[in-house]
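Inspection log for the structure reproduced underneath, given as C-alpha cells.
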Amino acid sequence: MAITHDFSTFKLRVNVKTSVENAFQAWATSAGQRSWFLGKTIFTDPEGRVRGDNEIAQVGDGHAMYLPFKPDEPVVKGKVLKTNGKDLFSFSFANDIPVTITIYKEHDETIVELIESNLPTDEGSVAKQFVSDSKGWVFYLTNLKSTLEGGLDLRNTNEAIKNVITH
Amino acid sequence: MLVRPLPKTFNPDNEITPPVYVDHFLFSETLKMPYQCPEHPSGIGLLVSEKGSCNYYVNGIKNQIDQNNVFFVNRGSQLAIKTTAFGVTPTMLFFNSQLPDLVQHSLIYSDEVLLENFDNLPYDFSYLERVHVDAGLRDRIISLIELGSSCSSFADIQADAAVRAIFEDLLKANREAYKFSQNIQAVKASTRLEIFRRVSLARNWMEENFNTPITLEDIAAVASMNSQHFLRMFKQVYCITPHQYLIDLKLRKAKHLLESTKLTINDICLAVGFESIFSFSILYKKRFGRPPSQLRKGEPS
C-alpha cells in the first residue's frame with residue numbers, strides 16, 4: 001500500500017494531568033515557558049515593554065526565545081499570532097512557521113495539541129523542518145507533561161554535555 | 001543548515017552563474033586523496049580549514065588558509081580549490097543565498113522594518129573579500145560541523161541561529177572596513193573595492209609579519225602595487241602611513257605580552273621587532289601614557 005504523507009504540517013498531542021488553565025499558562029507566560037521550554041522566553045507588548053513573568057501574552061506581542069546556557073542571543077524571534085486567553089495560543093516559530101496550541105479536556109485529562117503548519121515541502125526542507133522540528137517538540141511536550149504533573153524537569157543542566165536530546 | 005562532504009562541483013545546474021543555496025551548506029571532509037575543484041562562480045561563503053592548510057584560489061589568486069584565518073568569498077567570484085595533502089580538512093560554509101542581504105538590511109533598518117525597502121538589493125559585499133585573521137571566527141565555523149549532526153532538540157534551529165550570528169558579527173566587525181573602503185578616492189566602485197582588497201591584504205600580511213624586518217617595498221609587493229602608489233592608497237584607506245600602522249601594531253602586541261606573560265621587557269622588545277629598548281620605551285610611553293617598566297616593577301626600562 002502506497003502511503004502519501006503531507007509534510008506541510010504535523011500534529012502532536014500529549015495528555016497531561018493538570019487543568020486547562022495551568023497548561024495554558026505554561027505556554028502564554030514567560031514564567032510558564034521557563035519552567036519547561038528551552039532556556040527562557042521573553043514576551044514584549046507592541047510598545048516594546050517586557051511583559052511580567054506571569055502576565056499573559058497577547059496577540060501582536062513579540063517573543064524572543066533563548067537556548068539553555070546561551071542567555072545573550074535569542075535563537076528564535078517571532079510574534080504571538082492568536083490567543084483567546086484560555087485555551088488557544090498561536091505563535092510564529094523558527095523561519096516564521098506558525099505553531100498553534102489548543103488545549104482541551106478528553107477523558108478527564110487535559111490534552112495539549114500542537115500543530116506546526118505551512119512547512120516547506122521540498123526535499124531538503126522536509127528533513128530539516130518536518131523531521132527536526134517534530135523531534136524537538138516531542139521532547140519538549142514530554143517535558144511539559146513531566147513538569148506539569150510534578151515530575152522531573154528533564155532538560156540537561158550540565159553545560160559540558162552536548163549532543164543529547166535534552167539539550 | 002546542511003552538512004555535506006566535498007562535492008565534485010558546486011553548481012550541478014551550470015558553471016556560469018553562482019549556485020543558489022536554499023539553505024546554509026557546510027561542506028567538510030578529511031581528504032584521503034587529492035581534492036581539486038575547477039574554477040567556478042561562487043556563492044557568498046567562508047572558507048576555512050579544520051585540519052592542515054588548504055589552498056583556495058579566488059579570482060586566480062592563491063590563498064593559503066590555516067587554523068588562524070578565514071577567507072570570505074563573495075558571490076560571483078571565481079573559486080577553485082586545489083588541496084593535495086593527505087589528512088587536510090577543507091571546510092566551506094556557504095550561506096543561504098538570501099541571508100547576507102537580509103542580515104545587512106536588518107542591520108541598517110532594524111528588524112522592525114520589513115521588506116518594503118528591499119529595492120536596493122543585492123548589497124555589495126566585495127569589501128569583505130579577503131583573508132580575515134580571526135581564529136575565533138574559524139572556530140565558530142568548525143563548531144557547526146558537530147552541531148549539524150547533533151541529535152539535540154531543535155539542533156537545526158540552533159545551527160541556523162549560529163550561522164546568522166556569524167554573518168551578523170562579521171558585518172559588525174567590518175563596519176570600519178566598509179567605512180575605510182569608502183575612503184578611497186576612485187571614481188569607479190569596482191576600482192575602489194579592488195584597491196581596498198589589495199590594501200587590506202597587505203595589512204593582514206603586516207599583522208602576520210610585524211616582528212620581522214619588513215620594508216615598504218615588501219608590503220607594497222603583497223598588494224601588487226608600486227611602493228608610492230601603495231603608500232598613498234594605504235593612507236587614504238586607514239588615514240595613517242603603513243610605517244605608523246606597523247609601529248602601532250608592534251606596540252599593541254608588546255602591551256599584550258606585557259600584560260599576559262612574564263617575559264622581560266627586553267625580550268618583549270625583541271619579540272615584537274624593535275631593535276632598541278630605548279626607542280621602544282619612548283614610543284610605548286607616548287602611545288599608552290606610561291612606560292613599560294610600570295608594568296614590570298623592578299625591571300630596568
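All of the numbers you see were taken from the coordinates with simple rules; none came from a lab. Worth saying up front: this structure is predicted, and the values here are computed from it rather than measured. Cβ: placed from backbone, ideal geometry, glycine included. Neighbour counts: every protein chain shown.
Which of B:257, B:246, B:170 moves the most in a Gaussian network model of chain B with Cα springs under 10 Å?
B:257
Using only alpha-carbon positions, what ratio does the radius of gyration of segment B:2-173 give when scaled by 2.2 N^0.38 Å?
Dividing the Cα radius of gyration by 2.2 N^0.38 Å gives 1.01.
State the three equivalent ellipsoid semi-axes of the protein assembly as shown, derived from the C-alpha gyration tensor as the square roots of 5 times its eigenvalues, in descending order and whole Å.
Working from the Cα gyration tensor, I get semi-axes of 49, 28, 22 Å.
How much of the DSSP bridge set in the protein assembly as shown is antiparallel, in percent, rounded to the nearest 5?
Of those bridges, close to 95 percent are antiparallel.
I'd like the trypsin sites (Lys or Arg not before Pro) in segment B:243-275 restricted to DSSP loop residues with at most 11 other Cβ atoms within 10 Å, sorted by number.
Within segment B:243-275, the qualifying trypsin sites (Lys or Arg not before Pro) (loop, at most 11 other Cβ atoms within 10 Å) are B:262.
Hey, got the dipole for segment A:35-138? About the Cα centre, +1 on K and R Cβ, -1 on D and E Cβ, debye to the nearest 20?
With Lys and Arg at +1 and Asp and Glu at -1, about 220 debye.
What helices in chain B pass both tests, a Cα length along the helix axis of 24 Å or more and a mean Kyte hydropathy of 1.6 or higher, using whole DSSP H runs?
Taking the DSSP H segments of chain B (at least 24 Å long, mean hydropathy at least 1.6), we get none.
Going 7 Å from the Cα of residue B:145 toward and past its Cβ, which residues in segment B:48-70 have a backbone nitrogen under 14 Å from where you end up?
Inside the label zone: B:48-54, B:66-68.
Using only the C-alpha atoms of chain B, find the volume of their convex hull and express it per residue in Å³.
179 Å³
Given the convex hull over the Cα atoms of chain A, what projected area results after averaging over all orientations, in nm²?
Over every viewing direction, the Cα hull of chain A projects on average to 11.3 nm².
Set Lys and Arg Cβ to +1 and Asp and Glu Cβ to -1, take the dipole of segment A:42-167 about its Cα centre, and tell me which of A:56, A:124, A:100 lies farthest positive.
A:124
With chain B treated as a Gaussian network of Cα nodes joined by springs under 10 Å, which of B:86, B:94, B:230 yields the largest mean-square fluctuation?
In this elastic network of chain B, the residue with the biggest mean-square fluctuation among B:86, B:94, B:230 is B:86.
What's the magnitude of the charge dipole for segment B:184-239 around its Cα centre, counting Lys and Arg as +1 and Asp and Glu as -1 at the beta-carbon? Answer in Debye, nearest 20.
360 debye
Anyone know which of B:283, B:251, B:137 comes out most mobile in the 10 Å Cα GNM of chain B?
Fluctuation is largest for B:283.
Only loop residues by DSSP count here, and only those with at most 15 other Cβ atoms within 10 Å; note down the trypsin sites (Lys or Arg not before Pro) in segment A:67-97 that meet that.
Within segment A:67-97, the qualifying trypsin sites (Lys or Arg not before Pro) (loop, at most 15 other Cβ atoms within 10 Å) are A:86.
Hey, what number do you get for chain A at 222 nm if only DSSP H runs of n ≥ 4 count, each worth -39500 (n - 2.57), divided across all residues, to the nearest 500?
The per-residue figure over chain A is -5500 deg cm²/dmol.
What whole-number value in cubic angstrom gives the convex hull volume per residue for the C-alpha atoms of segment B:184-239?
Spelled out: Cα convex hull of segment B:184-239, divided by residues, is 68 Å³.
Restricting to chain B, compute how many DSSP beta bridges are antiparallel as a %, nearest 5.
Counting only bridges with both partners in chain B, antiparallel ones make up about 90 percent.
Do any of A:17/A:86; B:253/B:285; B:82/B:172; A:128/B:51; A:135/B:51; A:11/A:77 go past 24 Å between their Cα atoms, and which?
B:82/B:172; A:128/B:51; A:135/B:51
Using all Cα-Cα distances in segment B:245-294, what percent lands in each 5 angstrom bin from 0 up to the longest?
Histogramming segment B:245-294 at 5 Å steps yields 5, 25, 39, 26, 5, 0 percent.
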